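Comments concern the structure below.
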Amino acid sequence: MSFGFIMISLGISMILSITLIVRVWTQRQSSGRSATLIAALMIAVLWWTACYAFEIITPINELKLLSNSLKFVGVVFVPVFWLLFALQYTGRTAWLVLNRILLLCFIPFVTIGLIATNAYHQLFWQNMGIINLGDYSVTDAIYGIWFWVHSLYSYALIMSASYFLFRQFVGSPTLYRRQLVALLVAFAAPMIANAITIFGNQILDITPISFTITGLALTWGLLRFQLLNLVPIARNIIVESMGDGVLVLDAHDRIIDINPAAKQVINAQTSDPIGKSVAEVIDLVTERPDLTAQIRASGGWQNEIEIMRKNDKYVLDVRISPLYDRNHQVSGRIIIFRDITDRKRAEQQIRSQNDELIAVNHELVEARKQAEYLTQLKSQFLATMSHELRTPLNAVIGYTEIQLAGMTGTLTDEQNDYQERVLANAIHLLGLINDVLDLSKIEAGRMDLIQKSFNLKKWLDEIVIQNRVLAEKKQLRFEVSLDPQLPETVVADPERLKQVVINLLSNASKFTDTGYVKIELARNDADTWKISVSDSGLGIPSHAQETIFEEFRQVDGSTRRQHGGTGLGLAIVRKLVLMMGGNIRLKSEVGAGSTFTIIMPYLADPARSAVSAVAIGMGEETV
Amino acid sequence: MKNTLMMPHFRELAWGETSKWTVLLVDDEPDNRVIAEKVLMFGGAKVYTAVHGAEALTQLETISPSFILLDLSMPVMDGWEMIKLIRSDERTASMPVIALTAHAMAGDRERVIDAGFDGYIAKPFRLGTFISDIKNCFRELVTAEEGQAT
């Protein structure tokens, strides 16, 4: 080899090294530890190359010997950095801890120490001289025992690195394969050169020259395949920072890769799971023997499993997919764990809330049924009560009246008086029973109103027939007025409305001693009509006007004794009117009589169509 | 509605002499029977009594009353069942039947008329108006039929 060729090779190697160092150093932020390790490796290479170049160039023998010794500072660390890089590159980051790195550096430091003190023990070099190779001269030596230790160690590290890279090569995507080819070339070149130098009795060490190939291969890989960009970044982002646990197993179910999330499911005692059998590391596998079987099964598997961690229950979504090599043989498996505890919990919560709603709904339905049943029961009770109270009253009133009628013979005045009182009280009791039951029925919501069309004049006539007698008995004028503007028929519940009006009329007669009782049916406005019942009676003082529609509120206590009545009539009247969609008003002055006015809405006849309802409206206009 | 051929009969009952009445009184309560019977007999009517529907139906095999006063709640056969049987038997289908009942809550009158009764008198009835109440039932029927006829 000519001096020029050697110098050019070494020059190129050094330039490439410097380029790589600068390149990866500027990239170290994004590329992480791989970049730092490549930089360290290239610095060691650069040192080695530089010392070797200097050894060849310098004419001074002492300097040649010195640079030969200094060269080893680079030489010893090249295999260490190679291995560290290979570990980092293939994702075995768990090995890159300080005490392991220091352990790896133990022999290199010893080597450096022995080289520095070789003059005293010749363990590294037994003898050292300078050999002239024509244009130039280099050092040559007979190696001592430690040199072989050093060489063996270096080869062992490089072989390990190659093994990891080769393992990675198998079953990697094409892009990574090319990266790996570049790396393997970069590894192989100096190894082969070194082997030739040592075992081929080559005086000139061609290893530094072969670093040119290394530099070229790495540069090629770096530029062409983003050697440092892709793998670490992709792996970091996708795997390391993944929320899902990723566990890669080889064909023998040993863990070859694991990300931090997957470590959460690992036994607390296991600090370093790489290389260990999955069954001894992941206790969920021992907890769930079926999983082990699934892991061994060649097909993919996916399921949700529950595990206990520190007394907490976790739910994991586990997917196991086999990894195939080029020959479609299963080369390992990837297990992905996803913690779906929160999702499950949320689902559970939604489910239980849903269940709760269903239960509440069911309760409500039951409560409604119960309420309906109770209303039904109450209504039945009221009907029975009414019947059972009336039946004995019929006997009381009947027997009393038979005696009063003289059917059982003549009564003494006293007997007659007492029988009259029995009768009056029985009749009052009957009124009370009627009213209380009516009121109860209204309040129980069992007063069913019917809506039907009825003839106003006929309806009014029926009322007049029943009430005229009552008024005329007290020598009162009974006045009736029917507004001709009113429609012939209206829609309401005629019976209930009649009950209301009769109640008002009988009150009017009851509380009027002279003058008149009057019923008047008239238009109110476009939407309503009115029934007024007025009298020229006692009148109701203003303080009582507000409470008179309440239960058991008569004007005063003496009223009942004087005029009878239950005190419930007006309460029933008002409730019925409101139920029918109407309203009742009272206008009264003490001594000047009272006027009760019921305002009733015009309702559409439910039995007729909308068209005829319009026709009724029109008729009302024309009448 | 009743056949208009019934009208002369109703008219007679409504405005005619009480002494011409033959009444079948059906009530399980002895007191009610005594009182109603007493009042009717006082008016000159002939009164047959029965304590429940089944007994009344047996009586109807031999007698032909002017009308029936029928209680509703009774043992053995109640008024509701009896009116059904009366109306479904052509011999008695046009027999005037008035309910005499302590079912006197709102809506009871309508239920009674719907069941096929010709009239409704609530208990307790008043002695002074009992006869006229009965007559009023017939008057209403006559008025209704006249209204229908025109």
Enumerate the aspartates and glutamates that A:LYS64 could reach by cross-link, defined here as Cα to Cα under 16 Å, with residues fewer than 8 away along the same chain left out. A:GLU55, A:ASP135, A:ASP140, A:ASP205
1.4 Å probe accessible area per residue over the range A:452-607, in Å²: 48 Å²
With all protein chains in place and a 1.4 Å probe, A:LEU98 shows an accessible area in Å² (nearest 10) of 130 Å²
Using θ = phi - 60° and the Karplus curve 6.51 cos²θ - 1.76 cosθ + 1.60, what whole-Hz ³J(HN,Hα) does each residue of the range A:140-151 get, with Gly and Pro shown as x? 9, 8, 9, 7, x, 4, 5, 4, 6, 4, 4, 5
Once the dipole of the range A:452-607 is set up with Lys and Arg at +1 and Asp and Glu at -1 on Cβ about the Cα centre, which of A:ILE584, A:ALA508, A:ASN455 lies farthest towards its positive end? A:ALA508
Can you compute the charge dipole magnitude of the range A:3-233 about its Cα centre, using +1 on each Lys and Arg Cβ and -1 on each Asp and Glu Cβ, nothing else charged? Give it in debye, rounded to the nearest 20. 980 debye
If the viscosity is 0.890 mPa s and the temperature 25 °C, what translational diffusion coefficient in µm²/s does Stokes-Einstein give for the range A:346-444 when Rh comes from Kirkwood over Cα pairs? 138 µm²/s
How much space per residue, in cubic angstrom, does the convex hull of the C-alpha atoms of the range A:486-532 take up? 80 Å³
Expressed to one decimal in nm², the mean projection of the alpha carbon convex hull of the range A:3-233 is 12.3 nm²
In debye to the nearest 20, how big a dipole does the range A:346-444 give about its Cα centre with +1 on each Lys and Arg Cβ and -1 on each Asp and Glu Cβ? 220 debye
Within 10 Å of each Cβ in peptide B:103-112, how many partner chain Cβ atoms are there on average? Round it to a whole number, please. 6
Residue pairs, from the table A:LYS587/B:LYS123; A:LYS458/A:LYS518; B:LYS20/B:LYS84; A:LYS441/A:LYS510; A:LYS378/A:LYS510, whose Cα atoms sit over 29 Å apart: A:LYS587/B:LYS123; A:LYS378/A:LYS510
For A:LYS263, B:LYS20, A:LYS510, give me the order by solvent-accessible area with a 1.4 Å probe, most accessible first, ignoring ligands, DNA and RNA. B:LYS20, A:LYS263, A:LYS510
Would you mind computing Rg(Cα) / (2.2 N^0.38 Å) for the range A:319-374, counting N as its residues? 2.46
Rounded to the nearest 10 Å², the accessible area of A:MET242 at probe 1.4 Å: 50 Å²
Of B:GLU37, A:GLU401, A:GLU306, ordered by accessible area with the largest first and a 1.4 Å probe, the sequence is A:GLU306, B:GLU37, A:GLU401
Which value, in Å², gives the accessible area per residue of chain B when a 1.4 Å probe is used on the protein heavy atoms? 45 Å²
Quick one: Kirkwood hydrodynamic radius for the range A:401-449, alpha-carbon pairs, angstrom, one decimal? 12.9 Å
How big is the B-A contact in terms of buried accessible area, both chains counted, 1.4 Å probe, rounded to the nearest 100 Å²? 2200 Å²
I'd like the accessible area for A:ASP342: 1.4 Å probe, protein heavy atoms, all chains in place, Å² to the nearest 10. 110 Å²
Once amide H atoms are placed 1.01 Å from N in the peptide plane, what residues at a sequence separation of 5 or more from A:ILE340, or on another chain, have their amide H within under 5 Å of its amide H? A:VAL315, A:LEU316, A:ASP317
Compactness of the range A:388-495 as Cα Rg over 2.2 N^0.38 Å, two decimals: 1.52
Would you mind checking the pairs A:LYS369/A:LYS498; A:LYS310/A:LYS344; A:LYS530/A:LYS575 and listing those with alpha carbons more than 22 angstrom apart? A:LYS369/A:LYS498
Expressed as a percent, the accessible surface of the range A:3-233 that is carbon or sulfur, using a 1.4 Å probe and the full set of protein chains, is 71 percent
Charged-residue dipole, Cβ positions (Lys, Arg, Asp, Glu), the range A:452-607 about Cα centre, Debye nearest 20: 360 debye
Order of exposure, largest accessible area first, which applies to A:LYS71, A:LYS276, A:LYS310 with probe 1.4 Å: A:LYS310, A:LYS276, A:LYS71
Expressed in µm² per second, the diffusion coefficient of chain B from the Stokes-Einstein equation, with Rh the Kirkwood radius over alpha carbon pairs, at 4 °C and 1.567 mPa s, is 85 µm²/s
Charges on Cβ only, +1 for Lys and Arg, -1 for Asp and Glu, centred on the Cα centroid of the range A:358-435; of A:LEU429, A:TYR399, A:TYR373, which one is farthest towards the dipole's positive end? A:TYR373
Label-point separation (nm) for A:ILE350 and A:THR375, each offset 7 Å from Cα along Cα-to-Cβ? 3.7 nm
For the range A:452-607: span of alpha carbons on each principal axis (Å, largest first): 48, 30, 23
So what are the ³J(HN,Hα) numbers for the range A:418-431, from phi and the Karplus equation (6.51, -1.76, 1.60; θ = phi - 60°), rounded to whole Hz, Gly and Pro as x? 5, 4, 4, 5, 4, 4, 4, 5, 4, 5, 4, 4, 4, x
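The values are calculated or read from the model by the stated rules, or taken from the named source; none is laboratory data. Owing to the predicted nature of the structure, the values given are computational and were not obtained by experimental measurement. Please note: Cβ atoms are built from the backbone with ideal geometry, for glycine as well, and neighbour counts cover all protein chains shown. We work out accessible area using only protein heavy atoms, side chains counted, and drop any ligands, DNA or RNA first. Shrake-Rupley method; radii C 1.70, N 1.55, O 1.52, S 1.80 Å.
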